[in-house]
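Structure first, commentary second.
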Amino acid sequence: MSNLMKLSVSCNLHFHVIEETALILMLRPFRGIQQWINCESFTISPAIPMVESTDSFGNSYQRLLAPMGDFFINTSAEVMVTDHVDIAPGAYFIEIQHLPNGTLPYLLPSRYCESDRFGDLARKITVDAFPGYDQVSTITDWVHNSIRYLPGTSDFPLSAVEIHHLGHGVCRDLAQLCIALCRSISIPARLVVGYLYNLQPMDLHAWFEAYVGNRWYAFDPTQNSLSGGRVIIAFGRDAADVSIFHQFGSGCVLNNMDVQVNLLDN
């Protein structure tokens with residue numbers, strides 16, 4: 001039986017802006033998906049106009065024009081989440097003709113998840129696994145054991161093919177390799193970015209979800225066990241959809257990013 005955890009999460013960014021730069025931000029926690037937001041703060045300094053909207057995946061994003069000089073974005077929230085992640089060994093594979101329409105974009109190759117390049121490897125990895133959840137679990141274990149998780153080693157996204165050849169990567173990279181392998185055997189899979197309680201070293205985190213047994217299940221190839229205490233910010237096909245900020249032009253430098261996740265009394 002699951003219990004609820006009250007987590008305080010925050011992500012504070014300090015930019016130095018050389019010339020006015022358009023930014024698209026994705027920092028607010030996702031509404032729903034077994035997490036409840038008690039309160040939230042989102043401040044920018046200096047204060048400037050900002051437009052907020054929702055993308056095709058249901059993620060909240062903010063668009064603004066950052067002025068010259070030091071520019072600060074401070075976000076925080078208190079969120080209730082479960083202390084465990086649901087697992088379902090034996091959950092069955094859903095044939096493509098029976099999948100919900102909303103899962104279909106997560107079957108196709110994307111910018112960083114070239115699933116059309118991994119069919120042979122995925123079938124080799126999962127040859128003895130029951131179709132569905134057990135295949136995804138086997139893929140996750142294979143990536144965990146075959147690709148080294150090295151936080152802080154990647155300044156820009158690499159594709160699943162590149163990570164497979166390189167042999168190491170950050171959390172986003174390992175998740176995207178798992179996604180490509182899952183999609184290559186017709187299992188919808190999507191990238192998730194958010195916070196993880198007790199993550200070491202502390203930072204924003206990425207994992208993935210796969211659609212089997214008529215629902216989405218979480219998997220994390222970077223961790224020895226699939227722990228709870230996860231706060232979701234956004235879902236997407238790959239890192240191109242869920243970057244916490246996109247800058248347009250070279251006039252903006254991120255000087256510092258501070259991420260905190262703390263357990264509060266319920």
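The values are calculated or read from the model by the stated rules, or taken from the named source; none is laboratory data. Keep in mind the model is a prediction, meaning the values are calculated, not measured. Glycine gets a Cβ as well: all are built from the backbone with ideal geometry, and neighbour counts include every protein chain shown.
Name the single residue, out of those in the range 157-171 being part of a helix (DSSP H, G or I) and under 20 Å from residue 223 (Cα atoms), that is farthest from the chain's Cα centre (by Cα). If you could, list the steps in order and put the result at the bottom.
To start, the set of residues in the range 157-171 that are part of a helix (DSSP H, G or I) comprises 160-166, 171.
Next cut, under 20 Å from residue 223 (Cα atoms) only: 160, 163-164, 166, 171.
On the way: 160: 15, 163: 17, 164: 19, 166: 21, 171: 9 Å.
By that ranking, first place goes to 166.
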message = Condition first: charged (D, E, K, R), farther than 17 Å from residue 14 by Cβ and outside any loop (DSSP other than H, G, I, E, B). Now tell me which residues in the range 46-72 satisfy that.
response = 52, 63
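Quick one: which residue in 166, 191 is within 15 Å of residue 151 (Cα to Cα) and of a type in the set (A, V, I, L, M)?
Values: 191 fails: within 15 Å of residue 151 (Cα to Cα).
It is 166.
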ask   = For the range 223-244, how many residues meet the condition of being closer than 24 Å to residue 119 by Cβ and either in a loop (DSSP other than H, G, I, E, B) or touching a Cys at 6+ places or on another chain (Cβ under 8 Å) (or both)?
value = 2
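Yes/no per residue for (1) crowded, with 16+ Cβ neighbours inside 10 Å; (2) modelled with pLDDT of 95 or more; (3) of a type in the set (Lys, Arg); (4) under 21 Å from residue 81 (Cβ atoms):
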| residue | (1), (2), (3), (4) |
| --- | --- |
| 1 | no, no, no, yes |
| 4 | no, no, no, yes |
| 16 | no, yes, no, no |
| 24 | yes, yes, no, no |
| 27 | yes, yes, no, yes |
| 34 | no, no, no, yes |
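Would you confirm, using the coordinates I've provided, whether residue 159 is among the polar types (S, T, N, Q) and under 16 Å from residue 236 (Cα atoms)?
Working: among the polar types (S, T, N, Q): yes; under 16 Å from residue 236 (Cα atoms): yes.
So residue 159 fits the description; yes.
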remark   = Apart from one, (1) under 13 Å from residue 185 (Cα atoms); (2) in a helix (DSSP H, G or I) all hold for residue 127; the odd one out is (2)
note = Scanning the range 21-69 for residues that are more than 18 Å from the chain's Cα centre (by Cα) and charged (D, E, K, R), the one farthest from residue 238 (Cα to Cα) turns out to be 40
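Confirm whether residue 225 is without any contact (Cβ under 8 Å) to a residue 24 or more places away in the chain, over 12 Å from the mean Cα position of the chain (by Cα) and closer than 21 Å to residue 133 by Cα.
Values: without any contact (Cβ under 8 Å) to a residue 24 or more places away in the chain: yes; over 12 Å from the mean Cα position of the chain (by Cα): yes; closer than 21 Å to residue 133 by Cα: yes.
Answer is yes for this residue.
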message = Please pick out the residue among 232, 244 that is in contact with a Gly (Cβ under 8 Å, 6 or more places away or on another chain), closer than 28 Å to residue 64 by Cβ and either surrounded by fewer than 18 Cβ atoms within 10 Å (Cβ to Cβ) or not polar (S, T, N, Q) (or both).
response = 232
